[in-house]
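Some notes on the structure that comes next.
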Amino acid sequence: MVKQPRHLGKPTVLAPSPAQAELDRVPNPHSDTDYVARFTVPEFTTLCPITGQPDFAHLVIDYVPGAWLVESKSLKLYLNSYRNHGAFHEDCTVAIGKRLIALLAPKWLRIGGYWYPRGGMPIDVFWQAGKLPKDLWVPDQGVAPYRGRG
């Protein structure tokens, strides 16, 4: 039996932290077909764990679903729960990828975290898991190397 999404079609409150945020999944109606689903998050925010100042990133999440899809409203709420959470760029990027792997068990997932510079240096973080199915088209993530990104 599939649990009904907890957020879809209902008023929701932002979780106080990523650990407390609830992600939902729904059955993949095309689980017999390999395809790439992409989520682009151009305004991701979190806090520096040292200074408490905001950090901003452009996230791109690509995955090849198996039996499950992530429900997009719950993903938005989960990602927004980072805005009051203190963590380094690497931690945020990899933790998001691992959380999605644990929830969905996709065939393949990659996340690119393109972080805006603080202190004059951008930090871009890339992580992937699983094996990309043969002959599947995966477009470039479309985020240029930092040159006054915007």
Boolean, Leu103 is in contact with a Lys or Arg (Cβ under 9 Å, 6 or more places away or on another chain) and over 20 Å from Val143 (Cα atoms)
yes
Restricting segment 1-49 to residues that are surrounded by 15 or more Cβ atoms within 10 Å (Cβ to Cβ) and aromatic (Phe, Trp, Tyr), which is farthest from Gly130 (Cα to Cα)?
Phe44
Answer yes if at least one residue in segment 70-82 is in contact with a Leu (Cβ under 9 Å, 6 or more places away or on another chain), farther than 21 Å from Ala21 by Cβ, not small (Gly, Ala, Ser) and not in a loop (DSSP other than H, G, I, E, B), and no otherwise.
no
Among the residues of segment 1-57, what is the count of those that are under 19 Å from Val125 (Cα atoms) and in a strand (DSSP E or B)?
14
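In this structure, does His30 turn out to be in contact with a Pro (Cβ under 9 Å, 6 or more places away or on another chain), farther than 18 Å from Leu100 by Cα and at pLDDT 95 or above?
Yes.
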What are the residues in segment 70-88 that are closer than 19 Å to Arg6 by Cβ, surrounded by fewer than 20 Cβ atoms within 10 Å (Cβ to Cβ) and without any contact (Cβ under 8 Å) to a residue 60 or more places away in the chain, if any?
Ser72, Lys76
For segment 92-111, indicate whether the set of residues that are more than 23 Å from Gln20 (Cβ to Cβ) and without any contact (Cβ under 8 Å) to a residue 40 or more places away in the chain is non-empty.
no
Test: Asp91 is surrounded by fewer than 18 Cβ atoms within 10 Å (Cβ to Cβ), out of contact with any Lys or Arg (no Cβ under 8 Å at 6 or more places or on another chain), at pLDDT 95 or above and not in a loop (DSSP other than H, G, I, E, B)
yes
Residue tally, condition hydrophobic (A, V, I, L, M, F, W, C) and within 24 Å of Ala144 (Cα to Cα), over segment 59-86:
5
Residue count, segment 115-146, condition assigned to a loop (DSSP other than H, G, I, E, B), closer than 29 Å to Cys48 by Cα and of a type outside the set (Asp, Glu), comes to 12
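The values are calculated or read from the model by the stated rules, or taken from the named source; none is laboratory data. Keep in mind that this is a model prediction, so the values were computed, not measured. Virtual Cβ from ideal backbone geometry, glycine too; neighbours counted across all protein chains shown.
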